[in-house]
Amino acid sequence: MGAVTATNIRKQFGDVVAVDGISLAVRDGEFLVLLGPSGCGKTTFLRIIAGLERATSGEILIGGEVVNEVPPRARGVAMVFQSYGLYPHLTVANNIAFPLRTQRVAKVEIQRKVAWAAGLLGLDRLLHRRPRELSGGERQRVALARALVREPTVFLLDEPLSNLDAKLRATARSELKQFQQTVRTTTIYVTHDQVEAMGMGDRIAVIDHGKLRQIGTPAEIYDDPADEFVAGFLGTPPMNLIQRDGGSLGFRPEHFLPKELLNGAALTELAFRIDRMEYLGSERILYGAIDGFAAKREVTAKLPAHVQLTGIRPGEWHPFAVRETELRFFDLDGRRSEGKAQAQ
Amino acid sequence: MTAITLTPRPARSRFFLDRAEIVGPLFIAPAILYVVLLVGLPFLLALYYSVSAYNIFNESLAFVGLKNFRDIIGSEIFRRTLINTLVFTISAQIIGLLLGKIGAMLLMQEFRGRGIARALVVLPWAVPVSLATVAWLWMFDSLYSVINWTLIALGLVDAANRPQWLGQEDLAMIAVVVVHAWRLFPFGVVIFLAGFTSVPKDVLDAATVDGAGFWRRNYQIILPIIAPIVLIALIFGTVFTFTDLSVVYLLTKGGPINSTQVLGTYAFQVGILSGDVAHGAAICLFLFPFLLVAVILLLRSLRRREI
């Protein structure tokens, strides 16, 4: 039904390659997040699926049909834009009704569907207002309602939460996720915010420089990054990467702990010089360097704030360690390898 | 008890120019003076002339009430002039804005040399009206008309029976409308370009995904959004055209047989050339109340439409 398949999609604007051969399959009913830094081509890719851009090469299938030559309106997709794209001159009710009017749906049916969508998103009392009289969160819900009434096979969402303030974003995030679970429509969601991606996606596709770096569940992406880019893009702070012969060694800051806190299991010990500490309420971030290894970025350790830091002071060395099961290895090209720990 | 002595603060005359309530009026004064002296006074003068018996032979300034207005309404030439003015204004407006919209839509497209094309389009506006009109005068010339030459070359017109653009009553009206529409065209293009670029791309993309085709996008999304801007253009264009004198005066002087006479040229003819200032003023001011009401109504509907 609403499965989307992209095969080797490329998009060039003049000399600039925006999308560089992305292939991926979105399952029916799935919530897929396209995650990547700004300018990585994720929005262009979404617009190609919507039909707003033409791929230079490659094929898009929606529900098993090739839609390359199908105009946006006939693709059965609905899109929510970053700034919502509400029609400023129309009331909320007419905004929601617009996609139905273009399809020449009967008046009674339009009224019924508008009422249904408005009810679902709590817009009943705003129907006669204009977009400028709405708050950011309300606008976002109107955009969703407008996308919903068409009962599309695929939802395309382009950073729909980026215009909301931080607090509202958190609520909107869970509302959106809940909403998707209710309607069970295939959803492709573009964001550069890893918290949104981790919290909402059934699966995440990490994109960089127009290329698909990795696709998998949030846990797979986080625990088993396919390459150094993914490892360094996710997590705050991101995975530590220290150089060693034939590649680099990665471990998450929360797994890099004072040796005395880790017991049993096979440990890799590293001498850590703490340069400065950040207290963040629930946790402490320690910044520093590891004896004998060069790192691409400052090495960090993340400790729960309630852990007593006896003997750990800025400017001093302290034995830290990582469980060997938490070590990840990357070869010289930055790809994951099966290399064994040879830290010492 | 302790005596508290209050020393008065010294007058801060040094900061005289920091006080908005003094500097503000000071800065606005030149503009106000300009408007009062060069627009307000002549206007009041015209108002009085129109109800006086003033002319160059009789400088009495005697008050005659609405006699001048009754006189001009009774004049057949004036009634013809009024109809001409309406025809001239409305058709030039419609043609100018319509072509302006099409031009703007073309200039929104990406193509090589778009910058040059945009600059060229504005040219009719930048050229002094007298120069441009003289050029048109040659194009409409009875003998050397490049328009006729083209039409003959294309076989659309018989060489022996070529149209006299400025000599035939109906053709003369078409000619002045064409020239004025040509002058309004860049204004229309600029207005519509400004409008089009002000429509957010997300809104257009949303409409496309929502299933709106070219016409629906144009007439249900873009036009309503830019309507306030277009309405302003309409007000300006209408007022300017109603009061315009230059194009008609330079092309036909209102002829042949008053067939292109508009309020501007007729008022000039009566008031200045014939020296009947009182009647000239009455002709000038005749449409003022109507224009005022029209402008107020348009501005009102503009405020309602504001989005």
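Within 30 Å of residue A:15 (Cβ to Cβ), at pLDDT 90 or above and not assigned by TED's automatic domain parsing to the domain that holds residue A:31 - does that describe any residue in the range A:211-223? No, because not a single residue in the range A:211-223 is within 30 Å of residue A:15 (Cβ to Cβ), at pLDDT 90 or above and not assigned by TED's automatic domain parsing to the domain that holds residue A:31. Of A:142, A:154, A:108, which residue is buried (at least 22 other Cβ atoms within 10 Å of the Cβ), more than 21 Å from the chain's Cα centre (by Cα) and modelled with pLDDT of 90 or more? Unique residue meeting the criteria: A:142. The residues of the range A:37-51 that are small (Gly, Ala, Ser) and either assigned to a helix (DSSP H, G or I) or not assigned by TED's automatic domain parsing to the domain that holds residue A:22 (or both) amount to a single one, A:50. Exactly one residue among B:144, B:219 is surrounded by fewer than 16 Cβ atoms within 10 Å (Cβ to Cβ), within 14 Å of chain A (Cβ to nearest Cβ) and among the aromatic types (Phe, Trp, Tyr), and that residue is B:219.
Restricting attention to the range B:223-275, the residues that are touching a residue at least 40 places away in the same chain (Cβ under 8 Å), surrounded by fewer than 23 Cβ atoms within 10 Å (Cβ to Cβ), among the hydroxyl-bearing types (Ser, Thr, Tyr) and assigned to a helix (DSSP H, G or I) total 2.
Assess whether residue B:184 counts as being crowded, with 18+ Cβ neighbours inside 10 Å and either under 30 Å from residue B:50 (Cα atoms) or touching a strand residue (DSSP E or B) at 6+ places or on another chain (Cβ under 6 Å) (or both). The answer is no for residue B:184. The number of residues in the range A:68-91 that are free of Cβ contacts under 8 Å to residues at least 60 places away in the same chain, surrounded by fewer than 19 Cβ atoms within 10 Å (Cβ to Cβ) and either at the interface with another protein chain (Cβ under 10 Å from one of its Cβ atoms) or of a type in the set (Gly, Ala, Ser) (or both) comes to 3.
Take residue B:211 and decide whether it is touching a helix residue (DSSP H, G or I) at 6+ places or on another chain (Cβ under 6 Å) and within 12 Å of another protein chain (Cβ to nearest Cβ). Criteria met by residue B:211. Taking (1) within 30 Å of residue A:27 (Cα to Cα); (2) surrounded by fewer than 19 Cβ atoms within 10 Å (Cβ to Cβ) in turn, residue A:307 satisfies each apart from (1).
Can we say residue A:26 is buried (at least 22 other Cβ atoms within 10 Å of the Cβ), within 14 Å of chain B (Cβ to nearest Cβ), under 30 Å from residue A:218 (Cβ atoms) and touching a strand residue (DSSP E or B) at 6+ places or on another chain (Cβ under 7 Å)? Considered against the rule, which asks whether it is buried (at least 22 other Cβ atoms within 10 Å of the Cβ), within 14 Å of chain B (Cβ to nearest Cβ), under 30 Å from residue A:218 (Cβ atoms) and touching a strand residue (DSSP E or B) at 6+ places or on another chain (Cβ under 7 Å), residue A:26 comes out as no. Looking across the range B:34-56 at every residue that is loosely packed, with under 11 Cβ neighbours inside 10 Å and at pLDDT 90 or above, the one that is nearest to residue B:276 (Cα to Cα) is identified as B:38. Inspection of the range A:269-279 identifies no residue that is within 28 Å of the chain's Cα centre (by Cα), within 22 Å of residue A:221 (Cβ to Cβ) and not polar (S, T, N, Q).
The condition of being more than 21 Å from the chain's Cα centre (by Cα), in contact (Cβ under 8 Å) with a residue 12 or more places away in the chain and more than 14 Å from chain B (Cβ to nearest Cβ) holds for only one of A:148, A:126, that being A:126. Among the residues of the range A:35-67, those that are away from chain B (no Cβ under 14 Å), under 19 Å from residue A:186 (Cα atoms) and in contact with a Gly (Cβ under 9 Å, 6 or more places away or on another chain) comprise A:35, A:42, A:45, A:60, A:63. Only one entry in A:246, A:288, A:232 is touching a strand residue (DSSP E or B) at 6+ places or on another chain (Cβ under 7 Å), outside the structural domain of residue A:33 (by TED's automatic domain parsing) and farther than 28 Å from residue A:196 by Cβ, namely A:288.
Taken over the range A:92-107, the criterion of being touching a Leu at 6+ places or on another chain (Cβ under 7 Å) and either more than 10 Å from chain B (Cβ to nearest Cβ) or outside any helix (DSSP H, G or I) (or both) is satisfied by A:92, A:93.
Per the listing B:137, B:106, B:99, B:82, the residue uniquely of a type outside the set (Val, Ile, Thr), part of a helix (DSSP H, G or I), more than 29 Å from residue B:199 (Cβ to Cβ) and at pLDDT 85 or above is B:82. Take residue A:55 and decide whether it is of a type in the set (A, V, I, L, M, F, W, C), buried (at least 17 other Cβ atoms within 10 Å of the Cβ) and part of a loop (DSSP other than H, G, I, E, B). Judged against the criteria, residue A:55 is a match. For the condition out of contact with any Cys (no Cβ under 8 Å at 6 or more places or on another chain), under 30 Å from residue B:127 (Cα atoms) and part of a loop (DSSP other than H, G, I, E, B), residue B:163 qualifies.
The values are calculated or read from the model by the stated rules, or taken from the named source; none is laboratory data. As the structure is a computational prediction, the values presented were derived from the model and not from experiment. Cβ sites come from the backbone with ideal geometry, for glycine too, and all protein chains shown count toward neighbours.
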